[in-house]
Amino acid sequence: MKGRRTERDAYPIRQLAVGATPSRAVIGLEAEFNLFINGRRRRPEKIFGDPSRLVRRRMIPRTGKSFQLPAGGAIYFDTGVIEVATPIIELERGCCYRATRLLWEQIRYLRRELDHWAERHKCHCTLQGFSTHYNFSFPSTRKSQLRNATKLAYLLAHILPVPVILLATNRQSSAVGVRPRGNRIEVTVDFTPDPALMLATCAFIAGAIETVLRWEDFRLRQLGRHGLPRIARFGLRKHSSRRGWRVTPDSLGRNPFTSDLNESVWKLRDRRRLSLRAIAAETLRPFRQRIRQISDPSTLKHIAAVFDGDARSLLDFENRPDVYDDVGHGIDWGRRRMRRWPRSKYEKVIHRVIAREPMRIGQKRYQVDRMNGWYEIDFREMGTKRRRTFNLDELVRLAVARKPAAAAPRKRKDSKKRRTKAKVDRLLRRR
């Protein structure tokens, strides 16, 4: 991530680490953008003040300075960038597609609001892709000294960098990071302007994390037990935030972002020399089954094709593609054929909340007041104005309970009345 600013612990999704959290695993994506007006980089805080002065529709406030976008996610101005984030998605089959689709829906909505603002102010606005964050939370089960978020993040920092470099970075990238954040893991990397490659990146990271969570412990010896390649010269750098690690060009002895992907110049601990593509392909093997289970065969096939050189990586371009500098115009979501997954239960609840539909619970009606983090929502009783908080799982259960039963078939007319009418008709015809 070229010219990356100092990381903070103030991302909206950080709220998963405090307060109420779901008992099941969830994922969420974030993307950050630099704002350019008439070719000059500007701080969104100075131009708009807060997101409510950019987005035309009234938005539901969230904890902190973020707002709930009408498209389902959140928008946030932070240290000179515009950040959009998805709501949390249940980690289940199809979740990676859902999360990627949701992120691009937020980007498209932001892009349209910027276009409208630019037209009113007679200027030209562009969004320059800056970074993407892949967040994966997990229930606190089987936690021990050898099985905790810090150990997990350190182990993943030895597994994820090479595959993620091929799937998500470009020739000007500078780092891939892994950070422990309470009960979740955050993987930080450059923004990926190709939705299909972003989906592949999300699926690989999710499949790897889900697989590693099933290992006996999170010590580095697990790499050898599962046949994962290890580059001989491998030095992690401290993340620019307070916790976490990064792989940078000087971590591996040479710059992986500018090297030939097909040249076998990377010496491994077992004394072999492999290319970056070959290392990524070997790294994929232990995770193929789980990637297929939580995504689909076509996404797994795309990942393997990138590692084999049969599908493009952004590193195949000599320079960083121009699409990085104008994100949101002409989104190429359909470039690869992939399965379209329906919205998850959490998504459906969130969209109903955003629509500000009153909810009847028992004999009372409630109106949404604000988003309390990513898992809880504050409501006001419409009569007494008292506040009550519900989490997403409670709202999902309520929505299922309120589904109307199948419409009963219409009652047929009384058979005696039908016979009487038929008899009268026959008598009239005889006359």
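The values are calculated or read from the model by the stated rules, or taken from the named source; none is laboratory data. On a predicted model such as this, the values are computed, not experimentally measured, just so you know. A quick note on method: Cβ atoms are made from the backbone with ideal geometry, for glycine too, and the neighbour counts reach across all protein chains shown. Only protein heavy atoms, including side chains, enter the accessible area calculation; ligands, DNA and RNA are left aside. Shrake-Rupley method; radii C 1.70, N 1.55, O 1.52, S 1.80 Å.
Structure notes:
- Checking each residue in the range 280-312 for being under 16 Å from residue 198 (Cβ atoms) and under 18 Å from the mean Cα position of the chain (by Cα) picks out 291, 294, 295, 296, 299, 300, 303.
Yes/no matrix, rows are residues, columns are (1) surrounded by fewer than 24 Cβ atoms within 10 Å (Cβ to Cβ); (2) outside any loop (DSSP other than H, G, I, E, B); (3) modelled with pLDDT of 95 or more; (4) in contact with a helix residue (DSSP H, G or I) (Cβ under 9 Å, 6 or more places away or on another chain):
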residue: 141; (1), (2), (3), (4): yes, no, no, no
residue: 163; (1), (2), (3), (4): no, yes, yes, yes
residue: 172; (1), (2), (3), (4): yes, no, yes, yes
residue: 177; (1), (2), (3), (4): no, yes, yes, yes
residue: 200; (1), (2), (3), (4): no, yes, yes, yes
residue: 204; (1), (2), (3), (4): no, yes, yes, yes
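- Take the conditions (1) under 28 Å from residue 374 (Cβ atoms); (2) exposed (fewer than 14 other Cβ atoms within 10 Å of the Cβ); residue 332 misses just one of them, which is (1).
- Test: residue in the range 34-56 that is closer than 26 Å to residue 201 by Cβ and either assigned to a loop (DSSP other than H, G, I, E, B) or modelled with pLDDT under 95 (or both): no
- Scope the range 348-377; condition open to solvent by less than 50 Å² (accessible area, probe 1.4 Å), in contact with a helix residue (DSSP H, G or I) (Cβ under 9 Å, 6 or more places away or on another chain) and in a strand (DSSP E or B); matching residues: 359, 361, 368, 371, 376, 377
The rows are residues; the columns are (1) touching a helix residue (DSSP H, G or I) at 6+ places or on another chain (Cβ under 8 Å); (2) within 28 Å of residue 91 (Cα to Cα); (3) not basic (Lys, Arg).
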site: 288; (1), (2), (3): yes, yes, no
site: 292; (1), (2), (3): yes, yes, no
site: 295; (1), (2), (3): yes, yes, yes
site: 303; (1), (2), (3): yes, yes, yes
site: 307; (1), (2), (3): yes, yes, yes
site: 312; (1), (2), (3): yes, yes, no
site: 320; (1), (2), (3): yes, no, no
site: 326; (1), (2), (3): no, no, yes
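- For the range 94-130, the set of residues classified as of a type in the set (Gly, Ala, Ser), under 22 Å from residue 83 (Cα atoms) and either surrounded by fewer than 22 Cβ atoms within 10 Å (Cβ to Cβ) or over 19 Å from the mean Cα position of the chain (by Cα) (or both) consists of 118 only.
- Residues located in the range 60-77, provided they are open to solvent by less than 20 Å² (accessible area, probe 1.4 Å) and farther than 13 Å from residue 110 by Cα: 60, 62, 66
- Residue match in the range 273-294 (condition: assigned to a loop (DSSP other than H, G, I, E, B), hydrophobic (A, V, I, L, M, F, W, C) and on the phi < 0 side of the Ramachandran plot): no
- Among (1) out of contact with any strand residue (DSSP E or B) (no Cβ under 9 Å at 6 or more places or on another chain); (2) in a helix (DSSP H, G or I); (3) within 30 Å of residue 73 (Cα to Cα), the one test that residue 340 misses: (2)
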